[in-house]
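Please read the structure below before turning to the comments.
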Amino acid sequence: MSRLKIGVISDSHGMCKYIDLAMEHLKDVDLIIHAGDNYKDAKYIEKNYNIKVVAVSGNCDIGGIEERIELIDGKKIFITHGHNYGVKMNINVIFYAGKQNDADIVIFGHSHIPFYAVEEGMVLLNPGSTSLPRGGSEKSCCIITIEENIKVDFINI
């Protein structure tokens, strides 16, 4: 089975110096997923790092795609910023949205706090914020490695 590495960032809010710091840790990934707030940052990454970025818009963005489902290396990934799912309160609504979409992985942001859980075989993942962490967390991103299993590694930047 192939080994695919996906870098995941969120809530970069146009602060390119922190995106650059995150990208130092994500230089060996095959793909970047950006979970919103600032949708334009995905274009910055594509242009400056020559890597494909799959992105959604967040509550601070104007326009763009608010959520998407991607089939990547045989895994169904539901990507949304999370503001429409109440992720600052709890993960119940986004969990059921993931189940409804038959997702293997649910990626979201919005809270600026890293989060990882596996519920009923589905990975729920928030990489935290690359620029404006909350809740005592550090600026962060993560790497998903897809092999036989799904592995998640958080990185403080």
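The values are calculated or read from the model by the stated rules, or taken from the named source; none is laboratory data. None of the values given here were measured: they were computed from a predicted structure. Here the Cβ is made from the backbone with ideal geometry for all residues, glycine too, and neighbour counts use every protein chain on show. When the accessible area is computed, the model is the full protein with side chains, heavy atoms only, and any ligands, DNA or RNA have been set aside. Shrake-Rupley method; radii C 1.70, N 1.55, O 1.52, S 1.80 Å.
Express in whole angstrom the spacing between the alpha-carbon centres of segment 115-133 and segment 5-78.
About 14 Å separates the Cα centre of segment 115-133 from the one of segment 5-78.
Defining a contact as two alpha carbons under 8 Å apart and six or more residues distant in sequence, what relative contact order in percent does segment 1-127 show? Kindly include the intermediate steps, with their values, before the conclusion.
Details: 257 pairs, mean separation 24.9, N = 127.
RCO, segment 1-127: 20 percent.
Indicate, rounded to the nearest 5 percent, the antiparallel portion of the DSSP beta bridges found entirely in the chain.
Working: 23 of 36 bridges.
Taking every DSSP beta bridge within the chain, about 65 percent pair in antiparallel fashion.
Counting pairs of alpha carbon atoms under 8 Å apart in space and at least six apart in sequence, what relative contact order in percent does segment 8-74 give?
Values: 93 pairs, mean separation 19.3, N = 67.
Once normalised by length, the contact order is 29 percent.
Identify the residues of segment 91-118 with backbone N under 15 Å of a label point that sits 7 angstrom from the Cα of Asn149 along the Cα-to-Cβ direction, or state none.
117-118
Classify segment 1-79 as rounded, prolate or oblate, taking a ≥ b ≥ c as the square roots of the eigenvalues of its Cα gyration tensor: rounded when a/c is under 1.5, otherwise prolate if a/b is larger than b/c and oblate if not.
Cα axes put segment 1-79 in the oblate bin.
Given +1 on the Cβ of Lys and Arg, -1 on the Cβ of Asp and Glu, and no further charges, what dipole in debye does the chain carry about its Cα centre, rounded to the nearest 20? Don't skip to the answer; put the middle values down first.
Working: 16 positive and 21 negative charges, 58 e Å.
For the chain, the charge dipole is close to 280 debye.
Name the GluC sites (Glu not before Pro) in segment 36-144 that are in a loop by DSSP and that have at most 15 other C-beta atoms within 10 Å, would you?
Numbers: sites: Glu46, Glu66, Glu67, Glu70, Glu119, Glu120, Glu138; in loops: Glu66, Glu120, Glu138.
Answer by residue number: Glu120, Glu138.
How much of the accessible area of segment 98-157, probe 1.4 Å, is carbon plus sulfur, in whole percent? Walk me through the numbers before you get to the answer.
Values: 1050 of 2630 Å².
Percent of accessible area from carbon and sulfur atoms in segment 98-157: 40.
Of the labelled options [x] 0.99; [y] 1.48; [z] 0.92, which one gives Rg/Rh (Cα atoms, Kirkwood Rh) as computed for this structure?
Read-out from the structure maps to [z].
State in Å² the accessible area per residue of the chain; use a 1.4 Å probe, count heavy atoms of protein chains only, and round to the nearest integer.
48 Å²
Out of the trypsin sites (Lys or Arg not before Pro) in segment 51-157, which ones are loop residues according to DSSP with at most 14 other C-beta atoms within 10 Å? Kindly include the intermediate steps, with their values, before the conclusion.
Working: sites: Lys52, Arg68, Lys75, Lys76, Lys88, Lys99, Arg134, Lys139, Lys151; in loops: Lys52, Lys88, Arg134, Lys139.
Here the trypsin sites (Lys or Arg not before Pro) that fit, given the DSSP loop and packing criteria, are Lys52, Lys88, Arg134.
Lys/Arg Cβ at +1, Asp/Glu Cβ at -1, dipole of the chain taken about the Cα centre: which of Val29, Ser12, Cys142 is farthest positive-ward?
Farthest along the dipole direction, towards plus: Ser12.
Would you work out which of Ala55, Tyr96, Val152 lies farthest towards the positive end of the dipole of the chain, given +1 charges on the beta-carbon of Lys and Arg and -1 on that of Asp and Glu, about the Cα centre?
Ala55
Under the Karplus relation 6.51 cos²θ - 1.76 cosθ + 1.60, θ = phi - 60°, what is the ordered set of whole-Hz ³J(HN,Hα) values for segment 96-109, x standing for Gly and Pro?
Values per residue, Gly and Pro as x: 5, 5, x, 5, 4, 8, 6, 7, 8, 9, 10, 10, 8, x Hz.
Using +1 at the Cβ of each Lys and Arg and -1 at the Cβ of each Asp and Glu in the chain, identify which of Ile107, Tyr39, Gly128 lies farthest towards the dipole's positive end.
Most positive-ward Cα: Tyr39.
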